[in-house]
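The values are calculated or read from the model by the stated rules, or taken from the named source; none is laboratory data. A quick note: this is a predicted structure, and the numbers were derived from the prediction, not measured. Note: ideal-geometry Cβ built from the backbone for every residue, glycine included; neighbour counts use all protein chains shown. SASA here: full protein model, heavy atoms, side chains in, ligands and nucleic acids out. Shrake-Rupley method; radii C 1.70, N 1.55, O 1.52, S 1.80 Å.
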Amino acid sequence: MKHPSFHIIKPLLFTGERSSTRWFSYVGLGIGVLLLLLAQQLFIDIQALVKQTSIRKNGFDYISVTKQITNENMGRDNRFSAADIDTLRTQSFIQGAAPLISNRFEVVATAGDQIPFASDIFLEALETEFIDTVPAGFTWQPGQALVPLIFSSDFLEMYNVFAPSYGLPQLSMETASNVIIGLRCEGQKGGQVFRAQIVAFSDRINSLLVPKSFLDWANQEFEGLPSANASRVYIKTKDANSPDLLDFLATKNYRVNKEKTAFGRSKQILQGVIAGLGIFGVLVVGLALLLFSFYLQLMVARSRDNLQLLLTIGYRPDWLSRQVARRFIPVYLIVVAAALIVTQLLQYGFHQVIMFNRPELSSWLHPSVWITAIILTVLSILTNLRMVKKLLYGIS
Amino acid sequence: MLQLQKIIPTYFDPATCAHSELWLKSIEVEPGERIQIQAPSGSGKTSLTHFLYGIRNEYSGSIRYDGSELRTLDPDQLADLRREKLAIVFQDMRLFPKPTLRDNFEIKRQLTEHHSKETILDWAGRLGIDHRLDTPAKLCSYGEQQRASIIRALLQPFKWILLDEPFSHLDDANAHKAMQLILEESEKQGAAVLLADLEIVPFYPSSRLIRLLA
């Protein structure tokens, strides 16, 4: 077959069409695509916003649990026994539990000559899997003079609030990391002075962490005792907001870090709403394509005689389908491009006006949104071609 | 070569077709042959034409063009056969009603560009419809539409041409002119002509007569 012109055939196919159905389907498609793209971009924005404060690591939530101190149990030993920790570990919704063990000897920290600061402190240790930021040097072996420290970001913030009142200099994270801290450890069985240095800051753990090997060694060395039962336990769970977990903790009268689980819950709700918006967008796109298929069926029904005669005199249904389908490609491109532009404008406004240009976000659409738009265009075009082919082969 | 192997409409009783020279017979049509099919009303003339053109399939037996079974061709292959090898003049003309005669011709011509636009003008002049070229087909008389339908059929390469009562709306003078044009063009292409009519067409120089009968 040569390359016949479609121009002369076009009036035979689009006879007395009612364009309102077609326009409704275009508008519907535009709205559906817009909802879908917006949902995706918002989902990405929320992910970026919560990244800084996320308590998740490797797909798990890590939350600290303590026993609730009440008037009834005050004065008792409210630390977690090995049995308590085993019970936690056996729960299906808990993927791991680690006690936060502490020092059983006295520790005084000094900040050297430059910063006249000395204070009794406590040291704690936790399995490294449960720590959010574990640098390579966070290890200790007997005989090692320098003890690596992981310092709570909250503690540094607190120090910087009170430091000026005591005539002490405020410290940035970088400066604090360079200060050599003196650790004077003393117990019943002896004592020793160590040098310590902050190797990382933790957002998750409000404590001064040392390697577990150091604390086990020091408790034994200076106090002659093994590391004691812990008053805090970290648990690893797939969902900190799981009702099973929260119910279990409530029945055990355990207290969790409420702020973080509450934040997790609102994040979950927000993501649910956005996912709902996305699903609604998919439905609208589906409905729009369905409406468009009705329009095509109507068009083919109206032009049935002409189409049949074209096929009778030697026009290939394959060629006719491609020609008819091709008419709608620019419309699909325009509809998706319009939805993309509106999404971009809304994202720009959201970032600049509502989020005050926060650095975690971008004013521009995420590349995956562009990819979705391209996929939607290709899908619409292919669906359209398939529908036209089905109709034309049906009458040939 | 066109081969018909014992074809018969499924709605015909084989017992009543015993005298037919086509139904349930094996027939071969050689290139360049001129076949006259005489078919009284109700003997299945139009059905036969539609079977041969692949529009309808309510028949048993087999129809083969150059060895290819017509019934097994997919819609695109059938379109290729109709465009490149098999021409037809329908009894009911089947022109696009709204487009002009010129556009009707162009819709067919552009498929293969086997003939030029000038040829259309020449043939329209010979058959006396050149003054109607810019008139929508539905406003032309049956006679004009029939002549247009003949010209449209000839605007393609073909090895076989099927004519179903092609002169039913034409006077003798116009029928002769149309016949002449068909014969000229089929001779040029070495094509076989199968003309089906109620009576024998006296000015058709056929090489074989087949009585359809039912």
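One table, with the values for the structure above:
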item: Test set (1) within 14 Å of another protein chain (Cβ to nearest Cβ); (2) surrounded by fewer than 20 Cβ atoms within 10 Å (Cβ to Cβ) - A:LEU311 fails condition number; result: (2)
item: Yes/no for A:ASP216 being within 23 Å of A:ASP77 (Cα to Cα) and either in the same structural domain as A:PHE130 (by TED's automatic domain parsing) or surrounded by 19 or more Cβ atoms within 10 Å (Cβ to Cβ) (or both); result: yes
item: Yes/no for A:SER293 being away from every other protein chain (no Cβ under 13 Å), within 54 Å of the chain's Cα centre (by Cα), polar (S, T, N, Q) and assigned to a helix (DSSP H, G or I); result: yes
item: Filtered residue count, region B:57-71, keeping only those that are in a loop (DSSP other than H, G, I, E, B) and in contact with a strand residue (DSSP E or B) (Cβ under 7 Å, 6 or more places away or on another chain); result: 1
item: Any hit, region B:159-175, residues being of a type in the set (Asp, Glu), touching a helix residue (DSSP H, G or I) at 6+ places or on another chain (Cβ under 6 Å), part of a helix (DSSP H, G or I) and open to solvent by 10 Å² or more (accessible area, probe 1.4 Å); result: no
item: Odd one out for A:LYS189, checked against (1) under 22 Å from A:PRO142 (Cβ atoms); (2) buried (at least 19 other Cβ atoms within 10 Å of the Cβ); result: (2)
item: Candidate set from region B:91-105 (those that are facing chain A (nearest Cβ under 9 Å) and under 19 Å from the mean Cα position of the chain (by Cα)); member that is least open to solvent (accessible area, probe 1.4 Å); result: B:PHE96
item: Residue among B:THR46, B:THR16, B:THR72 that alone is open to solvent by 30 Å² or more (accessible area, probe 1.4 Å) and without any contact (Cβ under 8 Å) to a residue 60 or more places away in the chain; result: B:THR72
item: Count - residues of region A:338-357 that are more than 21 Å from A:GLY32 (Cα to Cα) and exposed (fewer than 14 other Cβ atoms within 10 Å of the Cβ); result: 5
item: Qualifying positions in region B:72-90 - in contact with a strand residue (DSSP E or B) (Cβ under 7 Å, 6 or more places away or on another chain) and either away from every other protein chain (no Cβ under 11 Å) or among the polar types (S, T, N, Q) (or both); result: B:VAL89
item: Test: residue in region A:135-150 that is out of contact with any Pro (no Cβ under 9 Å at 6 or more places or on another chain), within 30 Å of A:ILE85 (Cβ to Cβ) and open to solvent by less than 40 Å² (accessible area, probe 1.4 Å); result: yes
item: Filtered residue count, region B:23-78, keeping only those that are of a type in the set (Val, Ile, Thr) and over 16 Å from B:LEU194 (Cα atoms); result: 2
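Okay, residues lined up against (1) touching a helix residue (DSSP H, G or I) at 6+ places or on another chain (Cβ under 6 Å); (2) farther than 25 Å from B:GLU144 by Cβ:
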residue	(1), (2)
B:GLU21	no, yes
B:VAL29	no, yes
B:ILE37	no, yes
B:LYS45	no, no
B:SER62	no, yes
B:LEU70	no, yes
B:LEU95	yes, no
B:GLU106	no, no
